[in-house]
1. Sticking with the crude label model, points 7 Å out along Cα→Cβ, report the distance from H62 to N30 in nm, one decimal please.
2. Taking the simple approach of a point 7 Å from Cα along Cα-to-Cβ for both S83 and A123, what is their distance in nm?
3. Could you give the angle, 0 to 90 degrees to the nearest 10, between helix 35-46's Cα long axis and the longest principal axis of the Cα atoms of the chain?
4. Output the Kirkwood hydrodynamic radius of the range 11-99, Cα pairs only, in Å rounded to one decimal.
5. Sticking with the crude label model, points 7 Å out along Cα→Cβ, report the distance from D107 to S180 in nm, one decimal please.
6. Could you pull out the longest piece of the chain with no exposed loop GluC sites (Glu not before Pro) in it, calling a site exposed if DSSP puts it outside H, G, I, E, B and it has at most 11 other Cβ atoms within 10 Å?
7. So if we plug the beta-carbon distance of K159 and I69 into 1/(1 + (r/R0)^6) with R0 = 30 Å, what FRET efficiency do we get, rounded to 0.05?
8. Kindly state, as a whole number, the per residue volume in cubic angstrom of the convex hull around the alpha carbon atoms of the range 134-200.
Amino acid sequence: EQKQDLNGINVLITAGPTVEEIDPVRYLTNRSSGKMGYSLAQEAADRGANVTLISGPTKLAHPTNVTVIDIMSAKDLQQKVESKFAQNDFVIMAAAVSDFHVKTIADQKIKKNGKNLQLDLVANPDILAGLGRIKVHQRLVGFAAETQNLLENGNKKLKEKNLDMLVLNDVSRSDIGFNSSENEVRLLQPEKEPKLLKKNTKENIANEILDQLLIL
Ligand code: C5P
């Protein structure tokens, strides 16, 4: 019998990639599978939380007892997250948000003409940093995928985005993280020693993240 230790807690989770349109048939996206965010959503719901999952397109089945909101672009994601932020207690940004969008989405398919094509890419706002500036009671969690100077880069993001926890992935390893069903992460929290969660299933990693949030 599963412990119901998240009873009454409202949890907002984002997961998966975002998709930025170029024209009616083309888009920019990334390799995020959504597995980590979906595992967090399922485990939180199984422990009694009221869970809302805001998800980019993935191949995964919807978690059970979770409200799922589908989004495509970073802008969609931002609107949905900001509209749900006030009523949630734990806010976990596991989505791989596109850092750029295409300046002008063509309304017709762009034709080739034998010449090169330049796309004008505009920087997207950092949604998580924005939430860090307006948070009140929320425990705010970010993810970071790094290939070098893990702790240094991770601690910088923890501080700059005003987070309560940063889940740090080493993406230079191919046996964990992106697209894998296993992960090994470090949890960074302000004024605490980093906590290594050794290689394990994403379900177990999700439960450890939720355990740590509960004692914050
Ligand atoms: O700075 P970096 O992109 O590594 O930070 C990753 C974290 O920030 C993730 O939690 C991701 O969901 C979030 N993020 C965001 N908006 C962006 C880019 C990243 O909320 N435009």
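1. The answer from the label model is 2.6 nm.
2. Here the modelled spin labels are 2.8 nm apart.
3. Relative to the chain, helix 35-46 is tipped by roughly 40 degrees.
4. Numbers: mean 1/r = 0.0769 Å⁻¹.
Result for the range 11-99 stands at 13.0 Å.
5. For the pair D107/S180, the computed spacing is 4.7 nm.
6. Working: sites that count: E1, E191.
Formally, the longest exposed-site-free interval is 2-190.
7. Working: r = 30 Å, r/R0 = 0.99.
Efficiency computed from Cβ-Cβ geometry: 0.50.
8. Numbers: hull volume 6.2 nm³, N = 67.
Given the Cα convex hull of the range 134-200, per-residue volume reads 93 Å³.
Each reported figure results from applying straightforward, stated rules to the coordinates on display, with no laboratory input. Here the structure is a predicted model, which means the values were calculated and not measured. Heads up, the Cβs are rebuilt from the backbone with ideal geometry, glycines too, and the neighbour counts pull from every protein chain shown.
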